[in-house]
Amino acid sequence: MLRVTKLTDYATVVLTVLAARPDAVLSASELAEQAGLEAPTVAKVLKPLAAAGLVEGFRGANGGYRLARPAAAISLVEIVEAMEGPLAMTECSIHAGQCGIEHSCGVRANWRRINDVVAEALGSVTLAQMLQPPRPPARARIDARLAQA
């Protein structure tokens with residue numbers, strides 16, 4: 001099963017809290033409360049998000065965190081890579097020489113293609129879009145000709 005880690009999921013939740021209040025500087029404890037997470041968990045996700053340049057940290061009595069860029073300029077692939085490293089469906093998806101059968105493997109190119117599609121999909125969704133409520137599922141339409149038959 002392909003799945004992001006809990007910390008990556010939590011990082012997305014924390015970032016959406018910040019995105020909802022783009023002009024505010026929120027402390028880790030405020031973020032934890034608003035996100036419904038434990039303060040140590042929030043502190044743990046803020047470190048790699050700051051290292052990746054997705055959030056800015058401010059020290060002092062009124063210190064805290066805010067997004068480093070507008071939410072519309074932060075993609076999900078950036079969040080995933082900040083928390084988990086480069087996106088790779090398989091070991092050989094991004095690095096050559098990591099597999100003993102690479103020279104005779106017939107599926108490596110296809111895994112790389114799938115990796116690119118997943119990266120492109122995650123890159124096309126922004127943090128701002130994650131704030132929007134989900135769209136209702138499309139309703140099935142019955143062809144009028146079939147309905148009259």
Dividing the helical contributions, -39500 (n - 2.57) per DSSP H run of n ≥ 4, by the residues of the chain yields a 222 nm value, nearest 500 deg cm²/dmol, of -14000 deg cm²/dmol
Once Lys and Arg are counted +1 and Asp and Glu -1 for all other residues with Cβ under 12 Å from that of Ala68, the total becomes 0
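Net charge near Asn115: determine it from the other residues with C-beta under 14 Å of the C-beta of Asn115, scoring Lys and Arg +1 and Asp and Glu -1.
Around Asn115, the charge tally is -2.
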The chain, Gaussian network, Cα under 10 Å: of Glu84, Glu38, Glu102, the residue fluctuating most is Glu102
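Could you put Arg59, Arg108, Arg139 in order of accessible surface area, largest first, with the 1.4 Å probe and the full protein assembly present?
From most exposed to least exposed: Arg59, Arg139, Arg108.
The values are calculated or read from the model by the stated rules, or taken from the named source; none is laboratory data. Here the structure is a predicted model, which means the values were calculated and not measured. No Cβ is skipped: glycine too gets one built from the backbone with ideal geometry, and neighbour counts run over all protein chains shown. Ligands, DNA and RNA are excluded from the accessible area calculation, which covers all protein heavy atoms including side chains. Shrake-Rupley method; radii C 1.70, N 1.55, O 1.52, S 1.80 Å.
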